[in-house]
Amino acid sequence: MGFTVIAPVGDDVKALFIGIKEFPTERVILITPPNRLKDAEQVRKKLEDFTIKTEIRKTEGNLMEDMFRIFGELCAIYPDNDLIVNVATGDRMSTCAALSAAFANGLKAIGVMDGKVMALPIMKLSYYKELSDKKLKILQKLSTNNFVSLKELCEKLNMSLSLLSYHISGNYQHQGLKELRLAEVKEQGKNLFVKLSEMGNLLLKGYITIKK
């Protein structure tokens, strides 16, 4: 049995084959924008010579959001330990998006430099596994556009103010949503307001996909 390699299609698809030499590969998932579809098809034909199964998944809108969505779909299908992300194949933006999605899902990631494969120093940590059900429920009630008061959020979640504050602000032992940069917080007088951060929004894109 080999790995399933996730690779964005970009400036250096040759790096995909360098990675395959180091890691026995059973399947390759190519993530490509519409304007790179022909490149992806060419790579698929080359991989057929190695009898490696290949799947092409297209991004359509916001690259970062689509990358998180696709990673969420793949993580729902394949065991984490079977997945490797080769970020060396993409362009600047797709590499950044793939690396962020790999980190959020706790996946192994590799790069290629001077023809050699290197493991990237990503912590084996998945936000999806680290966050409790209550924290995820809080995120799902937040908006990226508007701040909501903690009092209003308490009513929506049927949660006490002290428990909600704990999940948002954390304590000396456990990180809250604010410290994890999944929520933004502001104070107005004695009142505290919170909204979903961009990272929190991206996280939910993948989480919702996984839970389908």
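Read-outs throughout are calculated quantities, based only on the coordinates presented, and are distinct from any laboratory measurement. Keep in mind the model is a prediction, meaning the values are calculated, not measured. Every residue, glycine among them, receives a Cβ derived from its backbone with ideal geometry; neighbour counts consider all protein chains shown.
Check which residues have an amide H placed less than 5 Å from G170's amide H, if you skip close sequence neighbours.
When sequence neighbours closer than 5 places are left aside, the close amide H contacts are G176, L177.
Do me a favour and compute the ellipsoid semi-axes for the stretch 3-119 from its Cα gyration tensor, root of five times each eigenvalue, largest one first, whole Å.
For the stretch 3-119, the semi-axes come out at 18, 16, 14 Å.
Would you list L142, L163 from fewest to most Cβ contacts within 10 Å?
Values: L142 24, L163 12.
By the 10 Å Cβ count, ascending: L163, L142.
How far is helix 198-211 tilted off the main Cα axis of the chain, in degrees rounded to 10, range 0 to 90?
70
Would you kindly state how much longer the chain becomes between N145 and M118 on full extension, computed as 0.36 nm times their sequence separation minus their alpha carbon distance, in nm to one decimal? It would help to have the intermediate numbers written out before the result.
On the way: separation 27, 0.36 × 27 = 9.72 nm, distance 3.93 nm.
Length difference between fully extended and current span is 5.8 nm.
Using a simple spin-label model with points 7 Å from Cα along the Cα→Cβ vector, what separation in nm is obtained for K45 and K156?
The answer from the label model is 5.1 nm.
Is the shape of the stretch 37-92 best called rounded, prolate or oblate, per the rule: a/c under 1.5 gives rounded, else a/b larger than b/c gives prolate, else oblate, with a ≥ b ≥ c the square roots of the Cα gyration tensor eigenvalues?
oblate
Taking the Cα centre of the chain as origin, work out the dipole magnitude from +1 charges on Lys and Arg Cβ and -1 charges on Asp and Glu Cβ, in debye rounded to 20. All intermediate terms of the calculation are to be shown ahead of the outcome.
Numbers: 31 positive and 25 negative charges, 100 e Å.
With Lys and Arg at +1 and Asp and Glu at -1, about 480 debye.
Classify the chain as rounded, prolate or oblate, taking a ≥ b ≥ c as the square roots of the eigenvalues of its Cα gyration tensor: rounded when a/c is under 1.5, otherwise prolate if a/b is larger than b/c and oblate if not.
Working: a/c = 2.67, a/b = 2.37, b/c = 1.13.
Verdict is prolate for the chain.
Take each of the peptides 193-202, 97-106, average the number of other beta-carbon atoms within 10 Å over its residues, and list them starting from the highest.
Values: 193-202: 19.7, 97-106: 22.4.
The packing order, highest mean first, is 97-106, 193-202.
From the Cα gyration tensor of the stretch 65-180, with a ≥ b ≥ c the square roots of its eigenvalues, which class applies: rounded if a/c is under 1.5, or else prolate if a/b is larger than b/c, or else oblate? Don't skip to the end; give the middle numbers.
Working: a/c = 2.59, a/b = 2.32, b/c = 1.12.
In terms of gyration-tensor shape, prolate.
What is the order of K21, K108, K14, fewest Cβ neighbours within 10 Å to most? Intermediate values should be presented prior to the final figure.
Working: K21 9, K108 18, K14 12.
Result, fewest neighbours first: K21, K14, K108.
Calculate I(q)/I(0) for the stretch 131-211 by the Debye formula, one identical point scatterer on each C-alpha and no solvent, and give its log10 at q = 0.20, 0.21 Å⁻¹ to two decimals.
-0.85, -0.95
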